[in-house]
Each structure stands twice: as structure tokens, then as C-alpha cells.
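Down below is the structure, laid out as C-alpha cells.
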């Protein structure tokens with residue numbers, strides 16, 4: 001369907017029919033992206049064209065001095081964007097999503113979530129808004145510098161990227177040891 005005039009071209013009708021078949025056959029692929037302001041669920045066909053989508057807006061929270069998202073926020077947002085994507089499928093194609101060909105996840109480059117053997121989060125997820133990497137980078141630089149001084153040769157070339165470059169070496173965001 002053309003977004004401005006609302007008319008459906010012959011090509012559009014063919015695509016809609018193909019999309020419905022892909023969904024019904026369980027061959028559509030779902031991508032989930034955890035962005036910093038929105039979680040998105042996008043269903044694509046075999047040509048990588050989006051055929052349905054859903055989104056959940058979210059905002060990180062300052063908890064104990066760390067900008068983070070709680071596990072409840074993550075799961076609630078995932079459920080909400082998936083539900084909205086399935087509603088989009090139902091509205092566009094009149095079918096339900098019952099099986100997927102594949103699923104992929106994309107997350108923010110700003111952090112990671114380490115879990116213990118019981119599935120408990122070891123540290124809060126740190127978002128792009130945190131400026132605490134400088135301290136950790138400084139510790140790493142010190143450790144590798146001490147090792148270099150101890151053995152008299154460079155141990156490793158270590159590159160530091162931090163949110164606040166001045167925390168490490170007076171404005172340089174890259175430091176080779």
C-alpha cells in the first residue's frame with residue numbers, strides 16, 4: 001500500500017500475498033533490536049523486506065548512580081514489542097504468527113549483561129549515559145604499564161576507548177601500552 005495515496009499496486013499485492021505465505025509457512029524471520037530509546041521487533045521476508053513490526057519505547061533509569069534498565073523493563077518491553085508486531089501481522093495479513101524461520105537479536109553496543117550460574121544478573125546493565133568507564137580504563141592502563149615496566153618490553157598493545165577521554169590521559173581517547 002502506498003503510504004501517501006493508500007493505493008495498492010500490483011507489485012504490492014504480490015508482496016502482501018508472498019508475506020502472508022511466508023508467515024503462514026513459518027519462514028518469516030524475526031529481528032529484535034534493543035535500542036537505547038526503543039525496543040523493536042521486525043518481521044522480514046526472504047528478500048529481507050520488512051513485512052510487520054512493533055515497537056516499545058523505554059527510558060533508562062538512574063539507580064544507585066548507574067544509568068540502567070531493569071530486567072523487568074527488558075522483559076516487559078520485549079513482550080510488548082512482540083505483541084505489537086503480531087497485531088501488525090494480524091491487521092495486515094489476517095493471520096497469526098505461530099512459527100518463525102529464525103530469530104535474531106541486536107543489542108546496544110554500550111554494555112553487556114553478565115549472569116551467574118543461577119541466571120542472576122551480576123552487575124546492573126550500564127547504558128550509554130554512564131561516564132564511569134574512565135576509572136576502569138585507568139586501572140587497565142596502570143596494570144599493563146606496570147607489567148611493561150616489570151619485564152622491560154611491551155606486553156600488549158591495548159587501546160582504551162572511554163566516554164570521558166580526559167579521565168584517562170589528558171584528552172587522548174586512545175592509549176597504546
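The values are calculated or read from the model by the stated rules, or taken from the named source; none is laboratory data. The shown structure was predicted, so the numbers you read here are calculated from the model rather than taken from an experiment. All Cβ positions, even for glycine, are placed from backbone atoms using ideal geometry, and neighbour counts span all protein chains on display.
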Name the residue, out of 35, 94, that is touching a residue at least 60 places away in the same chain (Cβ under 8 Å) and more than 15 Å from the chain's Cα centre (by Cα).
94
Count - residues of the stretch 55-71 that are farther than 13 Å from residue 37 by Cβ and within 16 Å of the chain's Cα centre (by Cα):
3
Out of 94, 119, report the one residue that is modelled with pLDDT of 75 or more and in contact with a helix residue (DSSP H, G or I) (Cβ under 8 Å, 6 or more places away or on another chain).
94
Which residue out of 54, 65 is farther than 15 Å from residue 26 by Cα, free of Cβ contacts under 8 Å to residues at least 40 places away in the same chain and touching a helix residue (DSSP H, G or I) at 6+ places or on another chain (Cβ under 7 Å)?
54
Determine which single condition residue 60 fails, assuming it passes every other condition in (1) crowded, with 19+ Cβ neighbours inside 10 Å; (2) without any contact (Cβ under 8 Å) to a residue 60 or more places away in the chain.
(2)
